[in-house]
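A quick write-up on the structure given underneath.
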Amino acid sequence: MMRIYKRFNRPNVQLVDTDGKGVTGLTESSVVVGNSHYDVDCLIFATGFEIGTAYPKRAGFELYGENGLSLSDKWAEGMRTLYGMQTQGFPNCFFVGMTQGAYTANYTHMLYEQSEHIAYIVAEVTKRGQRAVDVTEQGEAAWVAEITRLAQSYSTFYQECTPGYYNNEGKPNEGNNAKIASFYGGGSEAFFCLAKGLA
């Protein structure tokens, strides 16, 4: 849906159903949806915060791991992590966020749980007199397989959602990227227990 406010001096609101496809285009004086033009005086882009896009794009720089491998190249076919927090070949590198991690109603709670886990890892590495920590390829592959397996359980839900980055633009079953870019489907409490080794 798109909400159009016509003329500032006349509080007239018109709702336009974009059929989940968004705006088709813009002209000098209108917003185009399908074949229809809607005149506007002012256009405000309210896209919210950026989420679900590549880390290098959001960070504004590329990250390189062992042997000069870039994160973009490693994740060209989709994000690959262990618990959404570490990726093999990038020692001492940690990520926070819900991709391949927990999905919670309170985003701050999820970040707190992840940072607590990362702090534990760093403390253990220090206590053992080591300088680097990395995950194994096997552990990472097993976690990606689990994320993909659990994503099957809610694929019908994603198929019926408005097209967007969460569902591969309305095609959640095409390719593997949409499933790989999912959150842990076992629930946030189960995820927190897994990350803490309590499961």
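Yes or no, residue by residue, for (1) more than 32 Å from the chain's Cα centre (by Cα); (2) aliphatic (A, V, I, L, M); (3) surrounded by 10 or more Cβ atoms within 10 Å (Cβ to Cβ); (4) modelled with pLDDT under 80:
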| site | (1), (2), (3), (4) |
| --- | --- |
| Tyr5 | no, no, yes, yes |
| Pro11 | yes, no, no, yes |
| Tyr55 | no, no, yes, yes |
| Leu69 | no, yes, yes, no |
Can you pull out the residues in the range 129-167 that are closer than 15 Å to Tyr103 by Cβ and either modelled with pLDDT of 95 or more or not β-branched (Val, Ile, Thr) (or both)? Glu146, Leu150, Ala151, Ser153, Tyr154, Phe157, Tyr158, Cys161, Tyr165, Tyr166, Asn167
How many residues, within the range 82-97, are of a type in the set (S, T, N, Q) and closer than 18 Å to Ala119 by Cβ? 2
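Out of the range 171-184, which residues are surrounded by 12 or more Cβ atoms within 10 Å (Cβ to Cβ), outside any helix (DSSP H, G or I) and at pLDDT below 85?
To start, the set of residues in the range 171-184 that are surrounded by 12 or more Cβ atoms within 10 Å (Cβ to Cβ) comprises 171-173, 175-184.
Next, from what is left, pick out any that are outside any helix (DSSP H, G or I): 171-173, 175-176, 181-184.
Across the range 171-184, the qualifying residues are Lys171, Pro172, Asn173, Gly175, Asn176, Ala181, Ser182, Phe183.
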If you go through the range 94-120 one residue at a time, how many are surrounded by 15 or more Cβ atoms within 10 Å (Cβ to Cβ) and over 15 Å from Ala181 (Cα atoms)? 8
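The values are calculated or read from the model by the stated rules, or taken from the named source; none is laboratory data. Given the structure is predicted, the values throughout are model-derived calculations rather than measurements. All Cβ positions, even for glycine, are placed from backbone atoms using ideal geometry, and neighbour counts span all protein chains on display.
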